[in-house]
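Just below is one structure, and these are the notes that go with it.
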Amino acid sequence: MAELNGPTDPETSMAAALDTAAASLLGIWESAREGTANRVSGAQLRAVMVVEQADGINLRRLATQLDMLLSSASRLCDRLVAAGMLEREPGRFDRREISLHLTPEARRLLAELRADRQAQLAAVLAGMTPESRDALLSGMREFDEVARRQQADTTLAGESAEEEDWPGDPDGPGGRGGPSDRSGQTRTRWTDSSDASERSVGTTREWPTGGPVARTA
């Protein structure tokens, strides 16, 4: 099959070999993850890690980082707040925004997770030669730098597209007013407290059943 498709380039061959070798690394990750499964789900753990890397992040940016709908990210944060893993506070520069922070309990959870992973990794590294350990560490550091840079570029591109979709959304980055539709009417987005989908209403603000809900992003 490979001959029919022509020679494989070195990067593709390396990616295939790395994909196979990474199975052992992912196995260690999953083994350590199981120790937290009784406290948080996989999606919740991802959210906690994002907030750790960007303390004070708002809900909209968290949803972008997790590639989730805003309403889904809101419900996820509600569960983390109830579990004692996240705290919500008014934004430092914009009181209408809500900033997210880890609780001491969440930091303890992450510390336990990493300690478990590192212990398992150390056991594997002990069986490698010093030269192989050095080469692995050097390669993984560069891999991490490139991956982080590409992820940052992807995130910026996503946020730029979001601004174009809602150029005047008060909940959007830097927004100050509701976007106008083609008829010139200002449109405002409200979210039902029952987690119903967001809907647009005309210049006269129609409150969904249950009344207005405070912004969480």
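Can you give me the distance in nm between label points at residue 54 and residue 18, each placed 7 Å from the Cα along the Cα-to-Cβ direction?
Those two pseudo-labels are separated by 2.4 nm.
For the range 83-147, what is the relative contact order in percent, using Cα pairs closer than 8 Å and at least 6 residues apart in sequence?
21 percent
Give the ranking of 87, 105, 34 by solvent-accessible surface, highest area first, calculated with a 1.4 Å probe.
34, 87, 105
Counting only heavy atoms of protein chains, what accessible area per residue, in Å², does the range 1-90 have with a probe of 1.4 Å?
61 Å²
In whole percent, and with a 1.4 Å probe on the protein chains, what portion of the accessible area of the range 96-141 is carbon and sulfur? Provide the component values of the computation, followed by the final result.
Values: 1760 of 2900 Å².
Carbon and sulfur together cover 61 percent of it.
The values are calculated or read from the model by the stated rules, or taken from the named source; none is laboratory data. No experiment lies behind these values; they were computed from the predicted model shown. With ideal geometry, Cβ positions are generated from the backbone for all residues, glycine too; neighbour counts draw on all protein chains shown. Keep in mind that these areas ignore ligands, DNA and RNA; they rest on the heavy atoms of the full protein, side chains included. Shrake-Rupley method; radii C 1.70, N 1.55, O 1.52, S 1.80 Å.
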